[in-house]
Amino acid sequence: MAQITVTVNGTTEHHDVEPRTLLVHFLRERLSLTGTHVGCDTSQCGACTVLLDGASVKSCTVLAVQADGASITTIEGIAKDGQYHPLQTAFWEQHGLQCGFCTPGMIMSSIDLLRRNPSPSEAEIRAGLEGNICRCTGYHNIVNAVAAAAEQMRAAATPAHVN
Amino acid sequence: MYPASFSYSSPTSLDDALALLAEHGEDAKLLAGGHSLLPLMKLRFAQPRYLVDLRRIANLSGIERSAGELKIGAMSTYAALAASDLVRTLVPMLADAAAQIGDPQVRNRGTIGGSLAHADPAADLPTVMLAADAQMAVVGRRGTRVIPAQAFFVGMLTTSLAPDEVLTEIRIPLADAREGSAYDKCRHPASRFALVGVAASIRLAADGTVLHARIAVGGMGPMAVRVAGAEAALKGHAPTAEVRHAAAALVAAAVDPQEDLQGTVAYKRNLAQVYAERALASAVHRAGG
Ligand SMILES: Cc1cc2nc3c(=O)[nH]c(=O)nc-3n(C[C@H](O)[C@H](O)[C@H](O)COP(=O)(O)OP(=O)(O)OC[C@H]3O[C@@H](n4cnc5c(N)ncnc54)[C@H](O)[C@@H]3O)c2cc1C
Ligand code: FES
Ligand code: FES
């Protein structure tokens, strides 16, 4: 067993984990944060994307012990004071999801994308979401949602980085 | 999918990491970004009993210019390389390649040292290291050695690193004003690895002819290779479209692709031709030609 201390969505957590525990399983099974999904389990689909010290990572390809000392943000941690994050609102309003399985990962990747580039072009949005696969939407409305959120966030000067 | 059980440490000094490698021998593996090793462990293709994580060791990441070379810490991520002004201005082909590896999440985790030590035949950075004539600084319990890129890569997934050594730094000799470099790749549509990747570094004389060229190709055989014939075809000539076309044809003739779902041997040779021409055209353009 290894002792880890991580800050997840602003709360500090101390846990004993087996070194082979993947970050996604730690989040889902130990912390019951099941918004982070496992799609492929082979580092391809991005459904498991979370922010690790602000950078998007596939949590099925990170060990929980590698996150010791880090700050993690999951989809559960981005709404503030009962208000959805602008990306959550935009995915809803632009119909950026159908079954919703890919959506948490899409939104976490989009947060990292908008942190690096607050005014992405359509091509830049598509490139920024290359690590996320959607089996339903055909991506069109996802791209629209990210563009709409970017515009809204620029207008409101919302920092993309959530904590 | 869980990896098989293992023990884990994240030492804070290189000496401690080397001691752990010595103590655990064959059972130990270094862990960098984990984006080759962890997928292999989840599939149980690799079952190391001991992981030595390099992430807490100071001075293994960072990019700095000093005395005619660019020094890159082995733990620098692709995202850091792609965002670095030093890399973009001094070794543009490395910035080209880093920005095209995998996807943003992979680039946030994967490291230059891990990629080079892993030496995947379809990886991008080994190809760039050959064209950059990079030197690999490697530390073991017997001391430090510096290995030129051409001697570092020895075969498919095989380098001249000993199992108890750590790659700590990559040193790239700096271009002078009339040198230009570029990397271009055809990405596998699903994995994003290189179906073919070509790196070219071109130095022009005052009269606009090629003083010397280094061209490397990856993804088309067991390991990335320099193509001396193509380099010689450029040397002493003005790098016109015809000359570049002829050099690219020598790249296409030198590769050893296998037929698979992605295409026939002829199709892949054509890819090598096209991407070699593209890399050469941008390298010449960046050299001011
Ligand atoms: C979805 C996906 C897409 C990808 N696409 C691409 C792509 O387009 N192009 C590409 O080139 N790669 C691609 N990769 C591979 C990726 O670049 C890996 O990050 C890289 O191959 C390994 O680097 P790492 O830092 O993750 O190393 P790790 O996985 O941690 O280690 C890899 C190996 O190197 C050894 N090692 C690591 N660091 C050192 C060191 N400093 N000294 C000695 N040995 C060391 C480890 O022991 C291990 O054997 C992709 C990976 C994934 C998951
Ligand atoms: S579940 Fe992690 S990338 Fe698909
Ligand atoms: S909405 Fe169903 S996978 Fe994207």
Only one of A:Val38, A:Val8 that is of a type in the set (Val, Ile, Thr), free of Cβ contacts under 8 Å to residues at least 24 places away in the same chain and not assigned by TED's automatic domain parsing to the domain that holds A:Ile111:
A:Val38
By residue number, the members of segment A:59-68 that are closer than 18 Å to A:His15 by Cβ and facing chain B (nearest Cβ under 9 Å) are A:Val62, A:Leu63, A:Val65, A:Gln66, A:Asp68
Of all helices (runs of 4 or more DSSP H) fully inside segment B:16-133, the set with 3 or more residues that are surrounded by fewer than 21 Cβ atoms within 10 Å (Cβ to Cβ) and free of Cβ contacts under 8 Å to residues at least 40 places away in the same chain is B:78-83, B:85-90
Within segment B:138-166, which residues are surrounded by fewer than 14 Cβ atoms within 10 Å (Cβ to Cβ), closer than 23 Å to B:Asp16 by Cβ and in contact (Cβ under 8 Å) with a residue 40 or more places away in the chain?
B:Arg141, B:Pro163
In the set A:Ser71, A:Ser110, A:Ser56, which member is away from chain B (no Cβ under 14 Å), touching a Leu at 6+ places or on another chain (Cβ under 9 Å) and either within 16 Å of ligand 1 (Cβ to nearest atom) or of a type outside the set (Asp, Glu) (or both)?
A:Ser71
Scanning segment A:42-53 for residues that are over 10 Å from the mean Cα position of the chain (by Cα) and under 21 Å from A:Leu97 (Cβ atoms), the one farthest from ligand 1 (Cβ to nearest atom) turns out to be A:Cys45
Being within 16 Å of B:Gly34 (Cβ to Cβ) and in contact with a Ser or Thr (Cβ under 6 Å, 6 or more places away or on another chain) is the filter; apply it to segment A:60-77 and report the residue that is farthest from ligand 3 (Cβ to nearest atom).
A:Ala64
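The values are calculated or read from the model by the stated rules, or taken from the named source; none is laboratory data. Just so it is clear, the structure is predicted and the values come from calculations on it, not from any experiment. For neighbour counting, all protein chains shown are included, and Cβ atoms are generated from backbone atoms with ideal geometry for every residue, glycine included.
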